[in-house]
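Q: Below you will find the structure I want to go over with you.
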Amino acid sequence: MRECPMWIGGREARSEAPITVAVPYDGEPFATVFAASTAHLEQAVAAARAAARAMRGLSLDERSAILRRASAALLADKEEFARTISSESGKPIREARVEVERAASTLLFSSEEAHRLAGEVVPMEASAAGRGRMAMTLREPLGVIAAITPFNFPLNLSVHKIGPALAAGNAVVHKPASATPVCAIMLARLLSGCGLPDGALNVVTGSGAAIGDFLVEHPAVRMITFTGSAEVGLHIRARAGLKRVTLELGNNSALIVEDDADLDDCIERAVPGAFAHSGQVCISVQRIFVHQRVFGEFVVRFTAAARALKIGHPLAEDTAVSSLITEAEACRVQQWLSEAQAAGASLQCGGARSRSTVAPAVLTGVPEDSRVFQQEAFGPLAGINSYSTLDEAIASVNHSDYGLQAGIFTRDLSKAFHAAREVEVGGFLINDVPQFRVDQMPYGGVKLSGAGREGPRYAIEEMTEPKLISWRA
Ligand code: NAP
């Protein structure tokens, strides 16, 4: 079993409290990490503070070059990273390889954004009082940023925080999810090998409930960038005081299927959109609203495709669906399915559980106030309801506390744009599933789905402070 010490100040750090990381599919021990003590956390913040000065001193091109080298190094080590992601998160290996490729491109986009880090000229003379002044803004790094990440995209979502933070000249203390810390530690070592100054990226491991508050409340930490559940996000927000906070939280993504949609294309996209990584994707397709004229055909075809998905070990090449992150989560999904059926929904397929794995489940006739529709399922289930008018479907989509992404399939652009304007989300996808994301686009939600945007260009805006310099001639 491999040992993965924390990474603090450019060096390995161990504690007296080892933690075993296991493959969630079968519980096989995979790696040992260490629970950070308060002293480790202090060291990590101190190392980041010192390195923030070094990072600020690097030219934009030097920062860009480190990130560009890291992108290439990650691709060169793609298989090792993919197998690690797959083992610790239970993500099917084919999807894990895509995650590594995406993380490499997120690093490259961050590298490119370092070259574009510009302020602006401020038209001071637009006010009478500004006469004779010229002014500009510089985008200055914040200093130390705490990055807290979830288990479901353990590499790419870490890179979405670390890449822009470093491009902008900050230093980072990263707290990865306890289930999936190994690839985060590998990433820190890789960046170090690409010339990142010691202390510019520190990885501390251990339970978020135990060490999260320390990072969130530490006076030297200027910003918390968090991806995870709404519950933890709200806790962090309440404790962060005046620090900057970005929150990328959950969703119960909705898809509208109009009667003129290309059903072949729609089903081909919607099935993986619902069941990739067992639905443990923040924008997983969870609620599907299908026009009543095509509802029957859609249900039959979607259910057949869901049934055909191959379930198995995450490292098997032909696996399409593997386990959830824990057996407790698998039991919760089953419980929600039972509740929905008791409230009147019909189970078309799936739902059977073996340890932490649940067969892809399809429900129809789902009561809108049931948990499978109201809350974030984060499991392999999709509910399909019918509607008669587009406005009815839009109202159903908006009947949610969340608002990250939603989508519509239709050949009628006026309907598509009507829905795009009316649906309350951060991103709306026409003729695509809400589960679609490329890494340079602005990404983030409204309502309980969070605050702030990611995508390197947008994250850099959150991670820098505009400083005004005015010159009176
Ligand atoms: P989670 O339970 O909220 O955990 C996320 C991170 O927060 C983990 O590193 C966790 O550490 C840490 N944490 C837990 N308690 C904390 C506390 N009191 N203070 C500070 N940090 C704390 O979420 P998850 O189960 O890993 O991930 C699933 C959630 O992430 C879903 O809701 C999903 O929608 C959301 N997500 C959102 C996006 C997006 O971009 N919007 C992307 C992916 C996932 P431990 O692991 O040690 O508990």
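The values are calculated or read from the model by the stated rules, or taken from the named source; none is laboratory data. Keep in mind that what you see is a predicted model, and the values were worked out from it rather than measured. Here Cβ is always computed from backbone atoms with ideal geometry, including for glycine, and neighbour counts include all displayed protein chains.
Q: Here is a list: 65, 50, 35. Which entry is under 24 Å from residue 325 (Cβ atoms), in contact (Cβ under 8 Å) with a residue 12 or more places away in the chain and in the same structural domain as residue 159 (by TED's automatic domain parsing)?
A: Of 65, 50, 35, the one residue that is under 24 Å from residue 325 (Cβ atoms), in contact (Cβ under 8 Å) with a residue 12 or more places away in the chain and in the same structural domain as residue 159 (by TED's automatic domain parsing) is 35.
Q: Could you please find all residues in segment 159-200 being hydroxyl-bearing (Ser, Thr, Tyr) and either near the ligand (Cβ under 10 Å from one of its atoms) or at pLDDT below 95 (or both)?
A: If the condition is that a residue be hydroxyl-bearing (Ser, Thr, Tyr) and either near the ligand (Cβ under 10 Å from one of its atoms) or at pLDDT below 95 (or both), then 178, 180 are the ones that fit.
Q: With the checklist (1) farther than 20 Å from residue 325 by Cα; (2) assigned to a loop (DSSP other than H, G, I, E, B) in hand, flag the one item residue 284 doesn't pass.
A: Going through (1) farther than 20 Å from residue 325 by Cα; (2) assigned to a loop (DSSP other than H, G, I, E, B) one by one, residue 284 breaks only (1).
Q: Can you report the number of residues in segment 19-41 which are assigned to a strand (DSSP E or B) and surrounded by 13 or more Cβ atoms within 10 Å (Cβ to Cβ)?
A: 8
Q: Additional query: Just the residues that are aliphatic (A, V, I, L, M), under 15 Å from the mean Cα position of the chain (by Cα) and within 18 Å of residue 194 (Cβ to Cβ), please, taken from segment 89-106.
A: Once the filter is applied, which keeps residues that are aliphatic (A, V, I, L, M), under 15 Å from the mean Cα position of the chain (by Cα) and within 18 Å of residue 194 (Cβ to Cβ), segment 89-106 yields 100, 103.
Q: Right, next: Residues in segment 71-101 that are under 22 Å from residue 170 (Cβ atoms) and out of contact with any Cys (no Cβ under 8 Å at 6 or more places or on another chain): how many?
A: The number of residues fulfilling the criteria is 2.
Q: Can you tell me how many residues within segment 287-304 are within 15 Å of residue 388 (Cα to Cα) and aliphatic (A, V, I, L, M)?
A: So the count comes out to 3.
Q: Is it the case that segment 255-265 has a residue that's of a type outside the set (Lys, Arg), within 16 Å of the ligand (Cβ to nearest atom) and outside any loop (DSSP other than H, G, I, E, B)?
A: No - not one qualifying residue is present in segment 255-265.
Q: Out of the helices (runs of 4 or more DSSP H) lying entirely within segment 360-460, which hold 1 or more residues that are buried (at least 24 other Cβ atoms within 10 Å of the Cβ)?
A: 371-374, 390-398
Q: Let me ask something else about it. Determine whether residue 316 is more than 16 Å from the ligand (Cβ to nearest atom), closer than 17 Å to residue 352 by Cα, surrounded by fewer than 18 Cβ atoms within 10 Å (Cβ to Cβ) and among the small types (Gly, Ala, Ser).
A: Here the answer is no, as residue 316 does not meet what is asked.
Q: What's the total number of residues in segment 196-213 that are surrounded by fewer than 24 Cβ atoms within 10 Å (Cβ to Cβ) and in contact with a Gly (Cβ under 9 Å, 6 or more places away or on another chain)?
A: 3
Q: Scan segment 21-33 for residues that are at negative phi and over 24 Å from the mean Cα position of the chain (by Cα) and jot them down.
A: 26, 28, 29, 32
Q: Do we find a residue being closer than 30 Å to residue 136 by Cα, β-branched (Val, Ile, Thr) and within 18 Å of the chain's Cα centre (by Cα) anywhere in segment 452-463?
A: Yes, the conditions are met somewhere in segment 452-463.
Per-residue answers, yes or no, for (1) away from the ligand (no atom under 16 Å from the Cβ); (2) touching a residue at least 60 places away in the same chain (Cβ under 8 Å):
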site	(1), (2)
298	yes, yes
306	yes, yes
324	no, yes
332	no, no
340	yes, no
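Q: When you go through 127, 110 one by one, which is the residue that is more than 22 Å from residue 24 (Cα to Cα) and surrounded by 18 or more Cβ atoms within 10 Å (Cβ to Cβ)?
A: Matching residue, one of 127, 110: 110.
Q: Next up: Considering only segment 142-158, how many residues are away from the ligand (no atom under 13 Å from the Cβ) and surrounded by fewer than 24 Cβ atoms within 10 Å (Cβ to Cβ)?
A: Going through segment 142-158 one residue at a time, the tally reaches 2.
Q: Next up: Name every residue in segment 189-225 that is among the small types (Gly, Ala, Ser) and either more than 15 Å from residue 171 (Cα to Cα) or within 21 Å of the chain's Cα centre (by Cα) (or both), in order of residue number.
A: Answer for segment 189-225, where residues must be among the small types (Gly, Ala, Ser) and either more than 15 Å from residue 171 (Cα to Cα) or within 21 Å of the chain's Cα centre (by Cα) (or both): 193, 206, 207, 208, 209, 210, 212.
Q: Considering 293, 301, which residue is surrounded by fewer than 19 Cβ atoms within 10 Å (Cβ to Cβ) and in a loop (DSSP other than H, G, I, E, B)?
A: 293
Q: Go through segment 168-225 and report how many residues are among the acidic types (Asp, Glu) and without any contact (Cβ under 8 Å) to a residue 40 or more places away in the chain.
A: Total satisfying the criteria: 2.
Q: Can you tell me how many residues in segment 50-72 are under 26 Å from the mean Cα position of the chain (by Cα) and crowded, with 16+ Cβ neighbours inside 10 Å?
A: 11
Q: Next up: Suppose we filter segment 201-254 for residues that are among the hydroxyl-bearing types (Ser, Thr, Tyr), in contact with a helix residue (DSSP H, G or I) (Cβ under 6 Å, 6 or more places away or on another chain) and near the ligand (Cβ under 8 Å from one of its atoms); how many remain?
A: 1
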